[in-house]
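What follows is one structure encoded as structure tokens, with my remarks underneath.
The values are calculated or read from the model by the stated rules, or taken from the named source; none is laboratory data. These numbers come from a predicted model, not from an experiment. We place every Cβ from the backbone using ideal geometry, glycine too, and count neighbours over all the protein chains shown. Just so you know, the surface numbers come from the protein's heavy atoms only, side chains and all, with ligands and any DNA or RNA stripped out. Shrake-Rupley method; radii C 1.70, N 1.55, O 1.52, S 1.80 Å.
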Amino acid sequence: MGGDNPGVTLLEREHALDSLAEYARSAADGEGRTVLIAGEAGVGKTALIDAFSAQTPQLAWLRGACDGLFTPRPLGPILDVAACAGGALRAALRPGAPREEVFAALLQLLQQQPTGLVLEDVHWADEATLDLIAFLGRRVREAPALVIVTYRDDALPVDHPLHLVLGELTVARSTRRIGVAPLSEQAVARLSVDAGVDPAAVYRLTGGNAFFVTELVSAGATDVPPSARALAQARLAGLSAEALRLVEAAALLGRAVEPELVCTVTAADTAALDDLVAAGVLASTDAGLQFRHEITRLAVEEGVPAHRRQALHRHALAALLAAGSTDNARLAHHAEGAGDTTVVLEVAPRAAREAAELASHREAAAQFERALRFADDAVPATRAALFAGLAIEDSLIDRFEHAAEAGRAAMELYRQVGDRFGEGDMQRRLAHTMWRLCRGADAIEYARAAVATLEPGGSSEPLAAAYAMQAYFTEDIAAAQRAQEVADQVAAPALLSDALDTEAWLHAHRGEPWSQLMDRALRVALDCGAAAQVGRAYANSHTILIKHRQLAEAEPYFHDGLRYCEDHDLPTWRTCLRGWRSVALQLAGRWDEAVTLCTTTLNSTASPVNRLTSLVTLGLIRARRDEASWAVSLDEASAAARGTAEDAWIAMAGLARAEAHWLAGDDATAGTELASVHEAAAQADAHTRGAYAVWLRRTGSAVQPPADGIADPYALTLAGSPGAATEWERLGCRYESALALLDAGDEASTRAALLRFEELGAIAAARRARHRLRDLGARSIPSGARAATRAHLRGLTGREQQVLDLICAGRTNAQICEQLVISERTVDHHVSAVLRKLGVATRAMAAAEASRLGLVAPAR
């Protein structure tokens, strides 16, 4: 967005320019880089890029920016890039084209010659653009390209989808980060000396923000305006009435100023635009006219009175329609501003469908919500379709509470107009939604209702889906096979894949052969391009293999599935993959990695059922590390698991809580926990039954364990076989191997168990092993790590804790560097270490996690 005075904003930017030059040289040599540039609004990110691109002509520059004015067009910044680049990229952006074609076309463009691609203000990006950034981040290393991404890191919500993308990019070897800090007090003093203003007052009121400092210095003000709006009004002072009408219209029309459109809207002469450029409100760039800065545009927009605002939107809408605009997102924005119900109901659903086709599901949901705000007087069938569309989009972005509300509204409206097909379709979708919300009884009720509603109408796609849903919830393989028959009859390969997947899952649960059915489900989905079904097949294959402790076999399903889900914007199945990946990492003893993954998942938007695996894994690791916070995770997991009404989840959470109490030395409470999940464990799979039987023995419970159907490693433990620990080691389950050694009961095995517990950092389990050695009368019992070496809850060094304190205080890397008197590169290393040890991806998430864990005192 618009630029700042280079003489001002390039002060103290030498390090950033040097770093960019280094990354550009790597890109020109064929080793691409993604550079994340973060800073508050007005700090000078755009000016930095302007200066760097001007001094780096060896790269072909392409630029696009996200617009914060209205619900964004999918891939909006790429439309900017395509307007300049043309060729295959412009062709790929034709209406209805799959986004994979757009992604591939842009990557191919970056591979042709050394190129600098700038994507600005991605905190406003739509989902498709965020997915594109992640796509490029995974592949840019092989291209002669420098991809620069800018975003605001002030006031970015912890659950913002950008955090997930940043987390993925941060771990890529080709990613670099640059923080743009406010100007120092010394720099502000240098700039203020000739302006006739008090440098201390300027710094105190601007905080060193380059935009505000520039405005004050340029104006030579003797009094410092208190706000951005006041600064903007100072810029506008003395302008003609015509110029003021133009700038108000331009502020409502968006980032780029289209002279013909804005003059049509205001009936003004284009010559007045020159006055706005001369006044410094607008800037003339290679791409055309635009506001000097988004802060200015926002300030002008906020100052437009309501009565003029609606009139300007009305004129803008009329002008766009007269010009034949097909930008439905833009038309919907102005139609809403104009209060034009007819146009909103016409274009907002179209904008929603266009967004959904490009997998920008958040934007699609926002457009359906916009339409519904104007649909109170619409006919029931129209409102039903809008609510149904919203329910589908909400379910695709893990907003299942919203999906349930919209789905129920659609179902009732379909019932009201006698649309049995629509009613049954929503009932089967609500069954899935209720399951995601851990409301198992409601899920079963909706699934059965869907079948009852749809069966009289004969074979249909919703009926096939309803049979598959019923099969899963009632563990009825015959229903899954009926779903396959109906899917074949109506030629619905995506639903066939779902039904095959469900049957495979049920066979796996019973310990029967399943892989051929699941492989067929995956092939069918891939062949017909059914992305959601592909994601489900990958996720379920991965889950089953981990449940069966086949960790090595699960690896390719995780990596291939995650790549597919990221490329096709499938957040629900991506979260599922990551949740069970955390279980695999926990089993393999890679606990730091598991904690990082769990924390990232739990800090994102995820449905209750998708949080379960991460909650259980995090709770177990905390209990084993003797951290009192385990109860927070496992309490939530237990409540959610019981809500699902599924034996597997109930047993999983109960076993984790039993282990946590046992580790704390409370065998009686552990036994009570086990007794509470007896029925669920008895109905679960062989590994769950085996774990339940072993924990009954460990806690000395009098409850009778399952008599049969127990997986081999647990059977070996129960039989007292010395091969139990070896078998667990062969499977790659280090902690379970140590527990099997502890179960053996002799001194040598217990010492071996203690050593393994210490290696894993399982402080609580090591304490149980020491107690066992004392009971055995052993001598020279190792005392374990000194308290000083494990005093910190997350293992931060003293210097890392200092850095965390300053992150929580909102300090930038440059400010931390100055305060701690260390180099900026050293600060970068410390910040990376803090993020890794806290298991988070961004500074905002680090501050939130530190607050939750009590790692930062209130005084800090």
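Here segment 272-313 is treated with +1 on each Lys and Arg Cβ and -1 on each Asp and Glu Cβ, and its dipole about the Cα centre works out to around 180 debye. Each Lys and Arg Cβ is given +1 and each Asp and Glu Cβ -1; about its Cα centre, the chain then shows a dipole of about 2080 debye.
Mean residue ellipticity at 222 nm, helices only, the chain: -21000 deg cm²/dmol; runs of at least 4 DSSP H residues each add -39,500 (n - 2.57), and the sum is divided by the number of residues.
Inter-part distance, segment 281-343 to segment 724-739, computed on C-alpha centroids, equals 64 Å. Over segment 474-603, the ratio between the Cα radius of gyration and 2.2 N^0.38 Å evaluates to 1.08. Of the accessible area of the chain, computed with a 1.4 Å probe over protein heavy atoms only, carbon and sulfur atoms account for 51 percent.
Projected over all directions and averaged, the alpha-carbon convex hull of the chain occupies 38.8 nm². If I model a spin label at Val490 and Glu455 as a point 7 Å from the Cα along the Cα→Cβ vector, what separation in nanometres do I get? In this crude label model, Val490 to Glu455 measures out at 1.6 nm.
Karplus-derived 3J(HN,Hα) values for segment 641-651, using 6.51 cos²θ - 1.76 cosθ + 1.60 with θ = phi - 60°, are 4, 5, x, 5, 6, 9, 4, 4, 5, 4, 5 Hz; glycine and proline are entered as x.
Using the Karplus relation 6.51 cos²θ - 1.76 cosθ + 1.60 with θ = phi - 60°, the per-residue 3J(HN,Hα) values for segment 710-720 come to 10, 4, 3, x, 6, 4, 5, 4, 5, 7, x Hz, with x marking Gly and Pro. Phi-derived couplings, Karplus 6.51 cos²θ - 1.76 cosθ + 1.60 at θ = phi - 60°, listed residue by residue for segment 563-573: 4, 5, 5, 5, 5, 10, 6, 10, x, 5, 6 Hz, with x used for Gly and Pro. Rounded to the nearest 10 degrees, the inclination of helix 161-170 to the longest alpha-carbon principal axis of the chain is 80 degrees. Counting only protein chain heavy atoms and rolling a 1.4 Å probe, the accessible areas of Cys817, Cys84, Cys66 rank, largest first, as Cys84, Cys817, Cys66.
Write down the Kirkwood hydrodynamic radius of segment 250-293, to one decimal in angstroms, obtained as one divided by the mean of 1/r over all alpha carbon pairs.
10.4 Å
Label segment 103-222 by shape, choosing from rounded, prolate and oblate, from the square roots a ≥ b ≥ c of the eigenvalues of the Cα gyration tensor; if a/c is under 1.5 it is rounded, and otherwise prolate applies when a/b is larger than b/c, oblate when it is not. Prolate, because a/c is 1.5 or more and a/b exceeds b/c. Mean sequence separation of contacting Cα pairs (under 8 Å, at least six apart), scaled by the length of segment 49-135, corresponds to a relative contact order of 44 percent. Only beta bridges with both residues in the chain are counted; by DSSP, about 20 percent of them are antiparallel.
Taking every Cα-Cα distance in segment 491-546 and sorting them into 10 Å bins starting at zero, the pair-distance distribution P(r) comes out as 30, 56, 14, 0 percent. Simple rule: put +1 on each Lys or Arg Cβ and -1 on each Asp or Glu Cβ in the chain, find the dipole, and look at Ala311, Met411, Leu776; the Cα lying farthest toward the positive end is Leu776.
Each Cα pair under 8 Å and six or more residues apart adds its sequence gap; the mean of these over the residue count of segment 520-679 is a relative contact order of 13 percent. Each Lys and Arg adds +1 at its Cβ and each Asp and Glu adds -1 at its Cβ; summed about the Cα centre, segment 274-418 shows a dipole of about 260 debye.
Amide H to amide H, with H built 1.01 Å from N, Gln290 comes under 5 Å of Val257, Ala283, Thr285, counting only residues 5 or more places away or on other chains. Simple rule: put +1 on each Lys or Arg Cβ and -1 on each Asp or Glu Cβ in the chain, find the dipole, and look at Cys733, Trp573, Val524; the Cα lying farthest toward the positive end is Cys733.
Just want to confirm a number: the relative contact order over the chain, from Cα pairs under 8 angstrom separated by 6+ residues, in percent. 8 percent.
Mind checking which of Leu246, Ser582, Ala465 is farthest towards the positive end of the chain's charge dipole, using Cβ charges of +1 (Lys, Arg) and -1 (Asp, Glu) about the Cα centre? Of the listed residues, the answer is Ser582. Amide H to amide H, with H built 1.01 Å from N, Ala60 comes under 5 Å of Thr115, Gly116, counting only residues 5 or more places away or on other chains. A simple spin-label model places pseudo-atoms 7 Å from Cα toward Cβ; at Ala306 and Gln108 they are separated by 5.2 nm. Here the extension length gained between Val379 and His15 equals 124.9 nm, from 0.36 nm per residue of separation less the Cα-Cα distance.
For Ala83 and Leu820, the difference between the fully extended length at 0.36 nm per residue and the C-alpha to C-alpha distance is 260.6 nm. Taking amide H atoms as placed 1.01 Å from N in the peptide plane, the amide H of Arg176 lies under 5 Å from those of Thr34, Val35, Leu36, each 5 or more residues away in sequence or on another chain. Measuring from centroid to centroid over Cα atoms, what is the spacing of segment 454-525 and segment 549-584 in Å? Here the two parts' Cα centres lie 22 Å apart.
Tilt of helix 591-602 relative to the longest C-alpha principal axis of the chain, in degrees (0 to 90, nearest 10)? Between the helix axis and the principal axis of the chain, the angle is about 60 degrees. The C-alpha atoms of the chain define a longest principal axis, and helix 477-489 lies at about 40 degrees to it.
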